[in-house]
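A short write-up of the structure that comes next.
Every number in this text was worked out from the coordinates using simple rules, so none of it is lab data. What you see is a predicted model; the values in this text were computed from it and never measured. Heads up, the Cβs are rebuilt from the backbone with ideal geometry, glycines too, and the neighbour counts pull from every protein chain shown.
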Amino acid sequence: MRRLISIIILFTIAFIFWTTPVAAETYTVKMGSDTGQLKFVPETLEIKAGDTVKWVNNKVPPHNAVFEGDKVPNGDKALADKISHKKLLFALGDSFETTFSDVTAGSYPYHCEPHLGGGMVGKIIVKESD
Ligand SMILES: [Cu+2]
């Protein structure tokens with residue numbers, strides 16, 4: 001009897017884990033490296049559809065994050081505008097986020113407008129959610 005109960009409990013736990021969907025995640029990208037370089041950290045970030053990216057003003061502001069309409073999948077300029085953050089962040093610690101739901105899987109390059117000349121570029125790679 002005891003053994004049967006243990007087996008039932010084990011199966012119940014396994015079933016709960018198996019049926020719980022993987023929660024969408026939030027990833028953080030620093031704007032300006034800890035050492036003060038004009039970079040996004042990490043520069044390339046791989047996420048799944050439905051995940052959220054949060055950009056945090058870390059060093060040497062101001063920064064923004066503007067996606068490139070001609071380089072996102074399907075050259076979807078409207079989508080690029082929608083997921084961009086054109087407003088400059090001046091205060092350290094300020095942040096903005098984008099949830100990548102209902103987007104085509106692929107590569108989404110972006111840059112910081114004031115520091116594009118300094119090479120402050122980044123890329124979000126969206127994989128199909130499974
Ligand atoms: Cu910048």
field: Shape box of segment 12-130 [Cα atoms, principal axes, largest first, Å]
entry: 55, 32, 19
- prompt: Which angle between 0 and 90 degrees, to the nearest 10, do you get for helix 2-19 versus the longest principal axis of the chain when only C-alpha atoms count?
  reply: 20
- prompt: So what J values fall out for segment 98-103 if you push phi through Karplus, 6.51 cos²θ - 1.76 cosθ + 1.60 with θ = phi - 60°, rounded to Hz, Gly and Pro as x?
  reply: 9, 9, 8, 9, 6, 10
message: Could you tell me the calculated FRET efficiency between residue 87 and residue 28, based on Cβ-Cβ distance and R0 = 22 angstrom, to the nearest 0.05?
response: 0.75
query: Relative contact order for the chain using alpha-carbon pairs under 8 Å, separation at least 6, rounded to a whole percent?
result: 27
Nitroxide proxy distance, nm - points 7 Å out along Cα→Cβ at residue 2 and residue 66: 7.1
- prompt: Of the beta bridges DSSP finds with both residues in the chain, what % are antiparallel, to the nearest 5?
  reply: 60
